[in-house]
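The values are calculated or read from the model by the stated rules, or taken from the named source; none is laboratory data. Every value quoted in this text rests on a predicted model; they were computed, and no experiment measured them. Cβ placement follows ideal geometry from the backbone for every residue including glycine, while neighbour counts extend to all protein chains displayed.
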Amino acid sequence: MSKDIKEYLRLDKFPHIWCPGCGHGIILQAVLRAIDRLQLDRDNIAVVSGIGCSSRAAGYVDFNTLHTTHGRALTFATGIKLAKPELTVIVLTGDGDCSAIGGNHLIHAARRNIDLNVIVFNNSIYGMTGGQYSPTTPTTDYAATAPYGNIDNAFDLCELTRAAGASYVARSTTFHAAQIPLLVEKGIKNKGFSFIDIITACPIYYGRMNKMPDAVDMLKTQRDNARNIKQWDIMTAEEKQGKFVIGELYNKPAPEYTDAYRQLREKTHAL
Amino acid sequence: MILPFLDNSEIKFLQGNEACVKAALAVGCRFFAGYPITPSTEIAEGMAKELPKVNGTFIQMEDEIASLGAVIGASICGVKSLTATSGPGFSLKQEHIGYAVIAEIPCVIVNVMRGGPSTGLPTLPAQGDVMQARWGTHGDHPAIVLSPSSVREYYDLTIKAFNLSEKFRTPVILLPDEVIAHTREKVEIPKETRIINRQLPAPDANKAKHQPYAVNSADGVPVIPNFGEGFRFNITGLVHDATGFPAATPEITEKLLLRIHKKIAAGDNEIKGIEINLARNSDIVVLSYGSSFRSGAQAASETGVGTVKLTTLFPFPDKEIKELAKKVKTIIVVEMNLGQLVREVERAVAGQSPHGGLVKVYGINISNGLLIHPEIIVRKIKECQKT
Ligand SMILES: Cc1ncc(C[n+]2csc(CCOP(=O)(O)OP(=O)(O)O)c2C)c(N)n1
Ligand code: SF4
C-alpha cells in the first residue's frame, strides 16, 4: 500500500531553500513516488548529492543522506556501492554538478555500469551561483556569464551517458511529472548504471534572462518542445529542430560492476 | 614482490611501499581507491593484488579527487579505507581532505613526496609537501601528518595512521619521501597489531533520536553511525549542527571549528612522535625526519652531537621543542626542501632564552632531487662547534 510521500520527507528541515516556481521540488516528489512504488526499505537507501540548488534535495529526504562536494557525488556513491552493494544508491545532481565539474566522473561511472541511479535536475543553468551558463545551456541563450549569448554547444546528457556505457537511460520534464516516477522506478530496478535526465525550470535565473520569467511559461515550453520517443523515431531532422526526446531511451541489461568485483574476489579465493 | 629474508619467520626484506600495504592489511584496511603515480604506485598494485583475497575492494578511479571521494564513501559505510598518491595527485586531493575533516570521516592518505612543483621530478625524492600536508586544504583545519624514516617505521606509522584516523574521526596524512618508499630494508614484522576501531553507537541506541554530530565525551569525537545501519542521518561538508544538518550561525560555526581542532590537540600523547637523543658533551642537535634524518643521524654520530627525530610532523610538538631549546644552544634542521619545518622550529623556540642567549636554529635546506649527503651536515656541525 502506498504511503503519503510526506512520510519520506524530513519536514522538520522545511522550509526548503528553493525559490517559488523552481522545478526541483517536482522532481523530488516524483522520485519519492518511485521509491514508494518499489516499497524499498528506507534504511537501505543512500541518497548522495553534490553541490547546487538541486543537490540540496538530499537533506530533505529520510534516508541515509550524503551531501558531498561540487561535481563529485558519483565518486562518493561509487565508494558506498562498493562497500555496501546491498544499498540502493540514488544520486541527485544538477546539470552543472554532473556534467561540467563532474563530467569525467559521470562518463566513468557509466562506463563501469556500476549500479547507481542518477537523477539530473537539468535546468540548463547554474542556479545556486546566480545563473551562469552550464554545459546544457542551449547555444545563443543568455546567462550571467553569457551576457552576449552563449557560444558553447550543449551536451545531450542522455546521448553522452549511453555512449559511455549506461545500461538504462531516460529523459522526462517537470511538465510530464506523472511520467517521472515510472522512469525512476525502472531505473532503480535496472541492475547497472541508470541515468535519468529531468528537464526542469529555474525561472529566477534562466527564465528571467531568457524572456520566460514566469514558471508556468517554462512548463509550457517543456510541453511544447518534448516529443515522445515513439514520435521522435519517425520525425525528420527538420522536425527535430529545437525539440527534444523524452521517455525510456535505452534499456539493455549489461554486467554490473560490483557483481563483477564479487566474482573477481571469488576467483582469488580459488587461487 | 615480497622476498623472504630468513626461513619463514616474521623478518622480511621489504620495500617501503610494500611495508605500507602489509601494515594497512594488518590493521584492517579493506578498501583502496587510487590513481597511479610514481613513486606511490606500488601501494595501489599491492592493494589490487591483496584486497580481493581478504574480501576487500580495490578500484582504480579516474583521478585522485575521485579516489578520495570513493575512499570517503566506503569509510562512511564503516570500511577502513586508504588512498595513495604523489605530488600532483596530492594537490588534487586537497578538497576532499577538507571534506573528511569537517564531516569527520576516518581515512588515510599516503603522499609519497617527490620533487615539485608541478610534475617536477617524478622519480626523485624531496620533502617539499610538508606545509601542503599541514595547510593544503582551504579553511581553518587541524591536520595529523606522520613521516617515516625507515621501512619499519613506514610499517608502524601506517598502523598508527589508521588508528589515529579511527580514534579521532579525521583524515590522517602519511608522508614518506621517495627514498623511504623505494628503499628495501630488513623489517621485523610485529606479530601483533594494535588496532583501534572507530566508536559506534551502542546496539541499543535510539536510532531515531541519535545525533550523529553531538559530542558527549571529553575527547570531542562524535559517535557517527555507519550508513545502512538504520540511523538514516545526514552528512554534509557545510557547517552543520549536532544533527548533521546545515546550520551556519556564528555560535554553531565557532563551536564546530573549535571542537574539530581541540579533539586533535586533546589526544596529543597518542599522536605524538618525537625521539630526542642529546649527546653528553654537546649542546648541538640535528633535527630531522624522513630519509633526511638518516643522513642527519649519520652526521651526528660522526661528530658527537645529539639528534631529534620527528615521526609526527603535525600537530607540531611545540612543547617538546620549547623544552629542547632550554637544553641546547644550536638546532640544525635538515630537510629536502627550501625551508619548511625549520620555520616551525623557529616559531616554537622563539622567546626561549637558555644560557642567557637565544638558541640558534640553522636550516640545511636543499632541494635538488638528491638525498642530503651526511658530509654536508658534518660541515655545518663543525662550523657550529667552532663558535
Ligand atoms: C569546486 C567548486 N567550484 C565551484 C563551486 C560553486 N558552485 C556551487 S553550486 C555551482 C553550480 C550548480 O549548478 P547545478 O549543478 O546546475 O545546480 P543548480 O544550482 O542549478 O540546481 C557552483 C559553480 C563549488 N561549490 N565548488
Ligand atoms: S535559483 Fe533557480 S534552481 Fe536555484 S532554487 Fe531558485 S529557481 Fe531553483
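Before moving on, here are some points about what is shown:
- Helices (runs of 4 or more DSSP H) enclosed by segment B:250-359 - at least 1 residues per element that are within 20 Å of B:I376 (Cβ to Cβ): B:290-303, B:341-349
- Qualifying residue in segment A:9-29 (condition: away from ligand 2 (no atom under 14 Å from the Cβ), among the polar types (S, T, N, Q) and at the interface with chain B (Cβ under 10 Å from one of its Cβ atoms)): no
This table checks each residue for (1) among the hydroxyl-bearing types (S, T, Y); (2) within 16 Å of ligand 1 (Cβ to nearest atom); (3) within 14 Å of chain B (Cβ to nearest Cβ).
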residue	(1), (2), (3)
A:Y133	yes, yes, no
A:A144	no, yes, no
A:P147	no, no, no
A:N153	no, no, no
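- Test: residue in segment A:163-184 that is within 12 Å of ligand 1 (Cβ to nearest atom), within 30 Å of B:A70 (Cβ to Cβ) and more than 14 Å from chain B (Cβ to nearest Cβ): no
- Top-ranked residue in segment B:368-377 [being out of contact with any helix residue (DSSP H, G or I) (no Cβ under 7 Å at 6 or more places or on another chain) and either among the aliphatic types (A, V, I, L, M) or surrounded by 21 or more Cβ atoms within 10 Å (Cβ to Cβ) (or both); ranked as nearest to B:P39 (Cα to Cα)]: B:L370
- Taking the conditions (1) exposed (fewer than 14 other Cβ atoms within 10 Å of the Cβ); (2) under 20 Å from the mean Cα position of the chain (by Cα) in turn, B:A208 satisfies each one other than (2).
- Any hit, segment B:76-83, residues being on the phi > 0 side of the Ramachandran plot, within 11 Å of chain A (Cβ to nearest Cβ) and touching a residue at least 12 places away in the same chain (Cβ under 8 Å): yes
- Taking the criterion of being more than 7 Å from ligand 1 (Cβ to nearest atom) and hydrophobic (A, V, I, L, M, F, W, C), the residues of segment A:51-74 that qualify are A:A57, A:A58, A:V61, A:F63, A:L66, A:A73, A:L74.
- Qualifying positions in segment A:85-101 - of a type outside the set (S, T, N, Q) and touching a strand residue (DSSP E or B) at 6+ places or on another chain (Cβ under 7 Å): A:L87, A:V89, A:I90, A:V91, A:L92, A:G94, A:D95, A:G96, A:C98
- Scanning segment B:258-316 for residues that are of a type in the set (K, R), over 24 Å from B:R114 (Cβ atoms) and under 16 Å from the mean Cα position of the chain (by Cα) yields a single hit, B:K272.
- Of the set (1) over 21 Å from A:Q179 (Cβ atoms); (2) more than 9 Å from ligand 1 (Cβ to nearest atom); (3) assigned to a loop (DSSP other than H, G, I, E, B); (4) of a type in the set (A, V, I, L, M, F, W, C), all apply to A:A77 but (3).
- Here B:K12 meets the list (1) outside any loop (DSSP other than H, G, I, E, B); (2) modelled with pLDDT of 95 or more almost entirely, failing just condition (2).
- B:I271 vs. criteria among the β-branched types (V, I, T) and within 14 Å of another protein chain (Cβ to nearest Cβ): no
- Top-ranked residue in segment A:156-173 [being hydroxyl-bearing (S, T, Y) and more than 12 Å from the chain's Cα centre (by Cα); ranked as farthest from A:K220 (Cα to Cα)]: A:S167
Per-residue answers, yes or no, for (1) within 15 Å of ligand 1 (Cβ to nearest atom); (2) farther than 13 Å from A:S99 by Cα; (3) away from every other protein chain (no Cβ under 14 Å):
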| site | (1), (2), (3) |
| --- | --- |
| A:N117 | no, yes, yes |
| A:V120 | yes, no, yes |
| A:S124 | yes, no, yes |
| A:D141 | yes, yes, yes |
| A:L160 | no, no, yes |
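- Enumeration of residues in segment A:62-90 that are crowded, with 24+ Cβ neighbours inside 10 Å, more than 7 Å from chain B (Cβ to nearest Cβ) and over 20 Å from A:P253 (Cβ atoms): A:G71, A:A73, A:L74
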